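Contents: one structure, followed by commentary.
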Amino acid sequence: MKHKHYDVLIVGGGISGTALFYELAKYTDVQSLCLLEKYEALATLNSKGTSNSQTIHIGDIETNYTLEKATITKRTAKMVEKFCLQYGLQDKIMFKHQKMALGVGEKEVHFIENRYEEFKALFPYLELWDVEKLKVLEPKIVYQDKAQTKLRPEPIIAMGTNTQYTTVDYGAMSESLAEQAQKATGVPTDIFYDTQVTDVIQKEDKTFEVLCKDGAAYTANFVVVNAGAHSLFLAHRMGYGKHMGCLPMAGSFYMTEDHFLNGKVYMVQNNKLPFAALHGDPDILAEGKTRFGPTALMLPKLERYKKGTYLDFIKTLNFDFHIVKIFWDLFKDSDIRNYVFKNFLFEVPLINKKLFVQDAQKIVPSLSVDDITYAQGFGGVRPQVLDKEKEKLMLGEASINPENGIIFNMTPSPGATSCLGNAERDTHAIVKHLGLKFDEAQFLKDLTE
Ligand SMILES: Cc1cc2nc3c(=O)[nH]c(=O)nc-3n(C[C@H](O)[C@H](O)[C@H](O)COP(=O)(O)OP(=O)(O)OC[C@H]3O[C@@H](n4cnc5c(N)ncnc54)[C@H](O)[C@@H]3O)c2cc1C
């Protein structure tokens, strides 16, 4: 039986786990590192290139972000770009695409105009594009018909850019993070695949014993669980985060056969439902075919396109009357109720395409049912966290840090963009707890502007 001891052990080999693996190996004097991954390879779940929207959400066209929020996200999102540039990954796994936030109708047009004025100082490369400019940049969003003879009836405007890195294969980036981590240090940096962690136990000497399904056991001075929805599952087993439940929201896509869009077209978001508005963009892993989505459907399992995890869902939902109250409050809101119902219908065969196309026509008015097919095998699960104390759906990421040498992270969208920023936060906690050195000057030089 394997029984090794490590300074730091990370559970989960998605983009969050590998980002932390990299930062610890490259910028600290950690003496040994281990990463345990349940499946046969890194990033086979939500960080896989085809599971998410491949977008670096920097905050310039994310209309649900305030200026304050965008200032913070800009710093961490840039770390993704900086990492890729540092290792020459541009045009291999990271690409520049045109991107825009599109306003449709009077109200949204005013919104985009005002937002552009507010955000142009933080993002000086942003441009405001009127119909004439959009006819050239993204003609299919301007015209009502396929022949491009008739303009759509509503006024439109967009704020956007075509000079920035926008798109990343986060699966490939996870692999690169792990590879560079192993190259960066001479100390042990072990990665064990097909190793599902079932329990973590804190021992009397304050270190942790990590138990695996195959009977293996490892010990560590510090453990970080970056296992997506399963982070909360493992936290609950240790008695942490009992005030939280997890609601897995599956996101699917529809794909066109032909090239429809030149770049990423995002819509104005509803603040009650961040990242819920559909977008369209060329998929870098599907020969640039245009992909529309994602949808949002509650799934009674924690992992998409993998066997099982139904029971894990029931346990992690942590169902009680607080959860009922959260659902009740959500469903009282007609916007949310309609959104949930509509997204359910998007998955029902025979009617799904017809309904979906109606929504996607807000982006491309001439899009028809015959143009799109359900993108089988694409999409993933966003582990949304329910806060039972506050009786609210938490819209962003959640981290449980009892400050005793273990951290659990849950990372719904846009968790891939913030992977290196979240790892920076955890690196600080780890070096403080273990009394390690952190070469912060080099870290900031390499990864921030
Ligand atoms: C439809 C959709 C679109 C999205 N679009 C974007 C986007 O455009 N931009 C963006 O920034 N983010 C986006 N996201 C969010 C992003 O994909 C996630 O935030 C990110 O991938 C989370 O990474 P992770 O490493 O935390 O989790 P995951 O990628 O889920 O990785 C968790 C890892 O832990 C492993 N694991 C689980 N349990 C165990 C265990 N018990 N033992 C060992 N290992 C275990 C899993 O096998 C997996 O490898 C999107 C998500 C979805 C679903």
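The residues of the range 409-449 that are open to solvent by 30 Å² or more (accessible area, probe 1.4 Å), of a type outside the set (Ser, Thr, Tyr) and in contact with an Asp or Glu (Cβ under 6 Å, 6 or more places away or on another chain), listed by number, are 436, 437. Considering only the range 37-73, how many residues are away from the ligand (no atom under 13 Å from the Cβ), open to solvent by 20 Å² or more (accessible area, probe 1.4 Å) and out of contact with any Asp or Glu (no Cβ under 8 Å at 6 or more places or on another chain)? So the answer is 6. Among the residues of the range 394-401, is there at least one that is touching a residue at least 40 places away in the same chain (Cβ under 8 Å), more than 30 Å from residue 143 (Cα to Cα) and open to solvent by less than 30 Å² (accessible area, probe 1.4 Å)? Scanning the range 394-401 turns up at least one residue that is touching a residue at least 40 places away in the same chain (Cβ under 8 Å), more than 30 Å from residue 143 (Cα to Cα) and open to solvent by less than 30 Å² (accessible area, probe 1.4 Å).
Yes or no: residue 33 over 20 Å from residue 83 (Cα atoms), out of contact with any Cys (no Cβ under 8 Å at 6 or more places or on another chain) and open to solvent by 10 Å² or more (accessible area, probe 1.4 Å)? No: the conditions fail for residue 33. Taken together, the residues in the range 6-22 that are more than 18 Å from residue 382 (Cβ to Cβ) and part of a loop (DSSP other than H, G, I, E, B) amount to 1. Residue 382 falls short on exactly one of the conditions (1) surrounded by 15 or more Cβ atoms within 10 Å (Cβ to Cβ); (2) more than 17 Å from residue 277 (Cβ to Cβ); (3) at pLDDT below 95, and that condition is (2).
Going by the structure shown, is residue 337 under 25 Å from residue 292 (Cα atoms) and either of a type in the set (D, E, K, R) or in contact with a Phe, Trp or Tyr (Cβ under 7 Å, 6 or more places away or on another chain) (or both)? Yes.
The residue that is surrounded by the fewest Cβ atoms within 10 Å (Cβ to Cβ), counting only those in the range 224-246 that are more than 14 Å from the ligand (Cβ to nearest atom) and outside any loop (DSSP other than H, G, I, E, B), is 244. Being farther than 30 Å from residue 27 by Cβ and open to solvent by 60 Å² or more (accessible area, probe 1.4 Å), is that true of even one residue in the range 75-93? Checked the range 75-93: no residue is farther than 30 Å from residue 27 by Cβ and open to solvent by 60 Å² or more (accessible area, probe 1.4 Å). Summed over the range 77-92, the residues that are in contact with a Gly (Cβ under 8 Å, 6 or more places away or on another chain) and either within 20 Å of residue 381 (Cβ to Cβ) or near the ligand (Cβ under 10 Å from one of its atoms) (or both) give a count of 1.
The values are calculated or read from the model by the stated rules, or taken from the named source; none is laboratory data. What you see is a predicted model, and the numbers here were worked out from it, not measured in a lab. We place every Cβ from the backbone using ideal geometry, glycine too, and count neighbours over all the protein chains shown. Please note that ligands, DNA and RNA were not included when accessible areas were found on the heavy atoms of the full protein model with its side chains. Shrake-Rupley method; radii C 1.70, N 1.55, O 1.52, S 1.80 Å.
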